[in-house]
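Below is one structure; the comments refer to it alone.
The values are calculated or read from the model by the stated rules, or taken from the named source; none is laboratory data. None of the values given here were measured: they were computed from a predicted structure. Reconstructed Cβ throughout: ideal geometry from the backbone, glycine too, with neighbour counts over all protein chains shown. Accessible surface is based on the protein model in full, side chains and every heavy atom, while ligands, DNA and RNA are left aside. Shrake-Rupley method; radii C 1.70, N 1.55, O 1.52, S 1.80 Å.
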Amino acid sequence: MLQDTINIKINQIEESRINQVDWDNLPFGKVFSDHMLVMDYDNGAWKTPEIMPFGTVPFHPATSAIHYGQSIFEGLKAFRGADGEIRVFRADMNAKRFNESAKRMCMPEIPVENFVECIRKLIELDRNWVPDREGYSLYIRPFMYATDEFVGIRPSDKYKFLIFTCPVGAYYAEPVKVKIEEYYTRAAEGGVGRAKAAGNYASSLYPAKLAQEKGFHQLLWTDGKTHEYIEESGTMNVMFLIDGKLITPGEENDTILRGITKRSVIEVAKKWGYEVEERRVRVDEVLQAIRDGRLTECFGAGTAATIAHIEKIGYRDEIFDLPALETREFSNRMSRYLTDIKIGAETDSFGWTMKV
Ligand SMILES: *Cc1c(COP(=O)(O)O)cnc(C)c1O
């Protein structure tokens, strides 16, 4: 196993590609920084990670992950503050969740300190790639997949762990229109919904496409058994303000991804004196609260947008219009507050950021 102080081999690029970046037209996830980190697992142990020039990874046609889907990922961001400092938000939480995903998928875990150190070192080397424009950030994508060259179903013996990064522009969190899904299922109890496993996203594409054809941005998933309870939306957890209380589906079963943004919203809300309920949330309870005017806010929480306001909810043949965005005091304040912690404009009293 790796030690606490991890040795990382560095093979630096000769010439940076950063001058080729068109910062005014930065498509999400298509521009990659100079370096990536690669670490192999073999014979029951992780090898020395290596930071190398970003590039393609050759693969054998029988690579296990391609056929049987042992593949997991994480997503987090680094920000450059007004003070010039670079901060990464709650990387230790991503490391822990990565290991929970790994366990569920029969993949090897990575000690939290090592996972975080790999990120820190990579960002340190590519620090020029952390944009200094307002709202911009460096998206960090750690992932792991099975690399046995073997046609047969069993947990792979070999794995690759990689991290690459992408500078991304301001996420104009356009308010979203979601459709409550009552037929397709994202995750079943006992399944892998809690894991950030690649296959979960593949299986959601088709139902999401059907909803998009009807003019929705995303689905609001319900539980696979009864379709009577709200679960989450796309790659965001969903939160409601009803009767002044912050309400969100709980994590007691294993169908919902344990979002770090959602966890952070809950911790801040409690500090601000809000009552928070993490429990099962019935679809009809939410719809009734909208009709009664008791639902004042509704939003998705996730790394991409931090807070994405939900402006319309489709249910069967009805469309429910939610309160105007400028009236949403709680989520607007929360969005500002979390963003300010990330860029160092607000004191990080929770100890959530790591400076690089
Ligand atoms: C990543 C993800 C989230 C949000 O998690 P954050 O840690 O807040 O980014 C929520 N739901 C799903 C399905 C996800 O994949």
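Quick rundown of the values:
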quantity: The range 176-343 - percent relative contact order, Cα under 8 Å, separation 6 or more; calculated: 24
quantity: For the range 41-121, size of Cβ-based charge dipole, Lys and Arg +1, Asp and Glu -1, in debye; calculated: 200
quantity: Counted charge near Val31, where neighbours are those whose Cβ lies closer than 15 Å (Asp, Glu -1; Lys, Arg +1); calculated: +1
quantity: Sorted peptide list for 181-193, 11-23, criterion being average Cβ within 10 angstrom, highest first; calculated: 181-193, 11-23
quantity: Accessible carbon and sulfur surface of the chain relative to its total accessible area, %, 1.4 Å; calculated: 48
quantity: Assigned charges on the beta-carbon of Lys, Arg, Asp, Glu; the chain dipole about Cα centre (debye); calculated: 200
quantity: Hits among aspartates and glutamates - C-alpha to C-alpha of Lys214 under 17 Å, sequence gap 8 or more where chains match; calculated: Glu181, Glu182, Glu311, Asp317, Glu318, Asp321
quantity: Reachable aspartates and glutamates from Lys271, criterion Cα separation under 18 angstrom, eight or more residues apart if same chain; calculated: Glu329, Asp340, Glu346, Asp348
quantity: Average accessible area per residue (Å²) across the chain - probe 1.4 Å, nucleic acids and ligands excluded; calculated: 47
quantity: Lys, Arg +1 and Asp, Glu -1 on Cβ, resulting dipole of the range 9-169 about Cα centre, debye, nearest 20; calculated: 460
quantity: Top positive-direction residue, dipole computed over the chain with Cβ charges, set Trp129, Ser64, Gly190; calculated: Ser64
quantity: Furthest towards positive pole of dipole, Gly169, Asn7, Pro53, structure part the chain, Cβ charges; calculated: Asn7
quantity: Highest-first arrangement of 50-60, 219-229, where packing means the average Cβ count within 10 Å; calculated: 219-229, 50-60
quantity: The chain - mean residue ellipticity at 222 nm from DSSP helices (-39,500 (n - 2.57) per run, n ≥ 4, rounded to 500); calculated: -7500 deg cm²/dmol
quantity: Over 25 Å (Cα to Cα) - which of Lys30/Lys262; Lys77/Lys262; Lys47/Lys103 fall in this group; calculated: Lys30/Lys262
quantity: Selected from Ala170, Ala202, Ala78 as most flexible by GNM, with the chain as the system and alpha-carbon contacts under 10 Å; calculated: Ala202
quantity: Alpha-carbon centroid distance for the pair the range 119-187 / the range 45-71, whole angstrom; calculated: 15
